[in-house]
Amino acid sequence: MYPSAGGPTRRLTETKTINGVTIPEDTMVSVNPHMLHYYEKYYPNPDTFDPTRFSKENEQARPKCTFLAFSLGPRDCIGKTMALTEEILTVASLLKNFTFQLPKNFVLRTNAAGIIHRPADGMPLRAVRRT
Ligand code: HEM
């Protein structure tokens, strides 16, 4: 849900009217994937951990352009498949060997100001080896 990279920015090659708003040619337009991923119309209860959101059926039920962590279109991320494969393997091997605990009452604040979206106050995660 938290997109780790910023959103796609594009320069309009022609004037466009979207939902009654006219945007002139040459304007730089940016889409905010974080806001999109927390839009309840497409992602109900966005703060709940729910991996089934990304099941094949649920993905097919949403318009394709509602998930932008890797952008979309001819200039989207060419490393998407590799990144997703690495993530799955890394998370699976960590969870096989450790459980993770956050301090009670920890509230995640994020900083999206840089290129990479990251925790604003660090991540006090405690890894406990499974026995
Ligand atoms: C979690 C990991 C990653 C995320 C979230 C991510 C996200 C993105 C995003 C949002 C873009 C911008 C596309 C746009 O402007 O429309 C991008 C572009 C790009 N990414 Fe990734 N990326 C990831 C991993 C990787 C990896 C592993 C590689 C290479 C092995 C890679 C290579 C590239 C390249 C070359 C572009 C530029 C594509 C172009 O301009 O045509 N990325 N990525």
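The values are calculated or read from the model by the stated rules, or taken from the named source; none is laboratory data. Since this is a predicted model, take the numbers as computed values, not measurements. Don't worry about glycine lacking a Cβ; one is built from the backbone with ideal geometry, like all the others, and counts go over all protein chains shown.
Just a few scattered comments:
- Checklist (1) assigned by TED's automatic domain parsing to the domain that holds residue 2; (2) of a type outside the set (Ser, Thr, Tyr); (3) free of Cβ contacts under 8 Å to residues at least 60 places away in the same chain applied to residue 68, failing item: (3)
- The range 99-121, subset among the hydrophobic types (A, V, I, L, M, F, W, C) and outside any loop (DSSP other than H, G, I, E, B), residue modelled with the lowest pLDDT: 116
- Residue within the range 79-89 that is over 15 Å from the mean Cα position of the chain (by Cα), modelled with pLDDT of 95 or more, of a type in the set (A, V, I, L, M) and more than 12 Å from the ligand (Cβ to nearest atom) present: yes
- Unique residue being more than 16 Å from the ligand (Cβ to nearest atom) and touching a Pro at 6+ places or on another chain (Cβ under 6 Å) when the list is 15, 27: 15
- Residues in the range 49-78 that are part of a loop (DSSP other than H, G, I, E, B) and either surrounded by 10 or more Cβ atoms within 10 Å (Cβ to Cβ) or within 14 Å of the chain's Cα centre (by Cα) (or both): 49, 50, 55, 62, 67, 68, 69, 70, 71, 72, 76, 77.
- Residue in the range 34-48 that is within 16 Å of the ligand (Cβ to nearest atom), in contact with a Ser or Thr (Cβ under 7 Å, 6 or more places away or on another chain), assigned by TED's automatic domain parsing to the domain that holds residue 11 and not in a helix (DSSP H, G or I) present: no
- In the set (1) outside any loop (DSSP other than H, G, I, E, B); (2) surrounded by 11 or more Cβ atoms within 10 Å (Cβ to Cβ), residue 96 fails one condition alone, (2).
- Condition broken by residue 66, with the remaining ones in (1) closer than 20 Å to residue 38 by Cβ; (2) out of contact with any Phe, Trp or Tyr (no Cβ under 7 Å at 6 or more places or on another chain) satisfied: (2)
- Where a residue in the range 1-16 is assigned by TED's automatic domain parsing to the domain that holds residue 36 and modelled with pLDDT of 90 or more and its partner, wherever it lies, is assigned to a loop (DSSP other than H, G, I, E, B) and more than 7 Å from the ligand (Cβ to nearest atom), with Cβ under 6 Å and at least six apart: 12/25; 12/27; 14/25; 15/24; 15/25
- Residues that are under 20 Å from the mean Cα position of the chain (by Cα) and basic (Lys, Arg), drawn from the range 115-129: 118
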